[in-house]
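Colleague: One structure coming up, written as structure tokens, with questions to follow.
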Amino acid sequence: LALYFHIGEREEKCIIEDIPSDILVVGNYKVQRWDIHKHDFLEAAPGLGMFVTVTSPSGEVLLSKLYGPQGTFSFTSYLSGEHIICFQSNSTRFAVIAGSKLRIHLDIRVGEHFLDESAIQAKDKVNEVNVRLEHLIEQIHHVTKEQDYEREREEKFRKTSEETNSNILWWAIVQTLILISVGIWQIKSLRDFFISKKLV
Amino acid sequence: MFLRDYGAAGPWGWLTLLLVACAAWASEITFELPDNAKQCFYEEIVQGTKCTLEFQVITGGHYDVDCRLEDPGGAVLYKEMKKQYDSFTFTASRNGTYKFCFSNEFSTFTHKTVYFDFQVGEDPPLFPSENRATALTQMESACVSIHEALKSVIDYQTHFRLREAQGRSRAEDLNTRVAYWSIGEAIILLVVSIGQVFLLKSFFSDKRTTTTRVAS
């Protein structure tokens, strides 16, 4: 667990994962609290927990649990899209306490395929290569899933661009029609007005 | 995060891995950076490890962000302002905690979505050569080349996915902007034209004023 960042005690920090459907996401985290007296981050803060909330692209909450200072969470995506993983500590202390912050170590893996280590360590050479090949096949399936999802997104992109294109055209036509018709109305209206005022 | 392959070996392999270098890993995170905010990430790196930091701005404003990478002593290794995408490779010259920060402080109201990928160390070999008597068999070297090919597939896919997300974000922005501006223009057009006529009429309506010397 190498990468870490700091947040305030009551702050919520979210990360975004844009993934295809049917993918397993596993996250590992560890949280430490800043100790004002020792001027360092405490190793294991007792009673400190982390709310982990995972929201699916449709807004539905997939996971919302309170974990301890160190934990592992996982979820499987049902829809493809942007899943939002949020972290918030359950600390009830007010943020008014100066210099109070939390250090969160984070490690998130998407589409992890677990290598069965015991099968590899078997002395049988052919078996080892077999296992590796199966692992590679699973990885290729994951690549295919990502590519399918990419195709969906590109289609959405293309639709948006084409919609913009036709919007521009349609609005230009509408504006020209408005311009012409209002111009005609202006001239007519003024002519009638001047005629009625006996100026023309 | 995408795939991660541990590339493990037998028990001796693990021991040699520990002795040689820290295990390689990559952290990639996509997060939202609010306006006027700065977000820093820290990583502990062993001396001599080759690391790569790559980042890209996916949505927001002009799709640019400030990035800064510092070594444990505070010396700035990499500093770029308003960059959309960049990739920086360096070798850790000392042990300690390296810090890299993304800053959106120059922006007043757009928040950005930033993706970064921090790779520490090289991937360990699939079939480590320390405890072997013979060269790799054909099967094993086929596995190795497939592994390498898949790694570059992951790379390409990630880049493509990010570029497509960025392009789509721009297209959606453009679409919204076109819609709003067109509606606004049409309304302004109507209001100004109708207003002009009534204004003109009002010049001639004051019958109460005496002067009616109208140029014929």
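Colleague: List pairs: first residue in the stretch B:30-51 and among the charged types (D, E, K, R), second residue open to solvent by 60 Å² or more (accessible area, probe 1.4 Å) and part of a loop (DSSP other than H, G, I, E, B) anywhere in the structure, Cβ distance under 7 angstrom, at least six positions apart or on different chains.
Modeller: Listed by first residue and then by second, the contacts come to B:Glu32/B:His111; B:Asp35/B:Thr108; B:Asp35/B:Phe109; B:Asp35/B:His111; B:Lys38/B:Glu105; B:Lys50/B:Glu122.
Colleague: Also: Scanning for something in contact with a Lys or Arg (Cβ under 6 Å, 6 or more places away or on another chain) and either modelled with pLDDT of 70 or more or aliphatic (A, V, I, L, M) (or both), does the stretch A:107-130 turn up at least one residue?
Modeller: Checking the stretch A:107-130: at least one residue is in contact with a Lys or Arg (Cβ under 6 Å, 6 or more places away or on another chain) and either modelled with pLDDT of 70 or more or aliphatic (A, V, I, L, M) (or both).
Colleague: If you don't mind, there's one more thing I want to ask. If the requirement is being over 30 Å from A:Asp148 (Cβ atoms) and not in a loop (DSSP other than H, G, I, E, B), which of these qualifies: A:Phe75, A:Phe51?
Modeller: Within the list A:Phe75, A:Phe51, the selection yields A:Phe51.
Colleague: Scan the stretch B:117-139 and tell me whether some residue there is of a type in the set (Val, Ile, Thr), open to solvent by 70 Å² or more (accessible area, probe 1.4 Å) and without any contact (Cβ under 8 Å) to a residue 60 or more places away in the chain.
Modeller: So far as the stretch B:117-139 goes, yes, one or more of its residues are of a type in the set (Val, Ile, Thr), open to solvent by 70 Å² or more (accessible area, probe 1.4 Å) and without any contact (Cβ under 8 Å) to a residue 60 or more places away in the chain.
Colleague: Also, I was wondering about something else. Restricting to the stretch B:185-207, give me the number of residues that are within 16 Å of A:Thr176 (Cβ to Cβ) and more than 7 Å from chain A (Cβ to nearest Cβ).
Modeller: So the answer is 3.
Colleague: Return the only residue of A:Arg33, A:Arg10 being surrounded by 14 or more Cβ atoms within 10 Å (Cβ to Cβ), modelled with pLDDT under 85, assigned to a strand (DSSP E or B) and away from chain B (no Cβ under 14 Å).
Modeller: A:Arg33
Colleague: Any chance you could count how many residues in the stretch B:109-154 are part of a loop (DSSP other than H, G, I, E, B) and either touching an Asp or Glu at 6+ places or on another chain (Cβ under 9 Å) or hydrophobic (A, V, I, L, M, F, W, C) (or both)?
Modeller: Taking the stretch B:109-154 and keeping what is part of a loop (DSSP other than H, G, I, E, B), we get B:109-111, B:121-137.
Now drop any that are not either touching an Asp or Glu at 6+ places or on another chain (Cβ under 9 Å) or hydrophobic (A, V, I, L, M, F, W, C) (or both), which leaves B:109-111, B:123, B:126-127, B:133, B:135-136.
Within the stretch B:109-154, residues that are part of a loop (DSSP other than H, G, I, E, B) and either touching an Asp or Glu at 6+ places or on another chain (Cβ under 9 Å) or hydrophobic (A, V, I, L, M, F, W, C) (or both) number 9.
Rundown of residues vs (1) more than 8 Å from chain B (Cβ to nearest Cβ); (2) among the polar types (S, T, N, Q); (3) more than 34 Å from the chain's Cα centre (by Cα); (4) crowded, with 16+ Cβ neighbours inside 10 Å, yes/no style:
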site: A:Thr144; (1), (2), (3), (4): yes, yes, no, no
site: A:Glu154; (1), (2), (3), (4): no, no, no, no
site: A:Thr160; (1), (2), (3), (4): no, yes, no, yes
site: A:Thr164; (1), (2), (3), (4): no, yes, no, yes
site: A:Ile173; (1), (2), (3), (4): yes, no, yes, no
site: A:Ile180; (1), (2), (3), (4): yes, no, yes, no
site: A:Gly183; (1), (2), (3), (4): no, no, yes, no
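Colleague: To continue, here is another question. Taking the condition part of a helix (DSSP H, G or I), open to solvent by less than 60 Å² (accessible area, probe 1.4 Å) and more than 7 Å from every other protein chain (Cβ to nearest Cβ), does B:Gln157 pass?
Modeller: Answer is no for this residue.
Colleague: Please find, within the stretch A:13-30, the residue that is least open to solvent (accessible area, probe 1.4 Å) out of those that are within 13 Å of chain B (Cβ to nearest Cβ) and among the acidic types (Asp, Glu).
Modeller: Per the criteria, the residue is A:Glu17.
Colleague: With the requirement that a residue be hydroxyl-bearing (Ser, Thr, Tyr) and either modelled with pLDDT of 90 or more or under 19 Å from A:Ala172 (Cβ atoms) (or both), what does the stretch B:174-206 give you?
Modeller: Across the stretch B:174-206, the qualifying residues are B:Thr176, B:Tyr180, B:Ser182, B:Ser193.
The values are calculated or read from the model by the stated rules, or taken from the named source; none is laboratory data. Nothing here was measured: the structure is a model prediction, and the numbers come from that model. When we count neighbours, we look across all protein chains shown, and the Cβ atoms used for this are built from the backbone with ideal geometry, even at glycine. Only protein heavy atoms, including side chains, enter the accessible area calculation; ligands, DNA and RNA are left aside. Shrake-Rupley method; radii C 1.70, N 1.55, O 1.52, S 1.80 Å.
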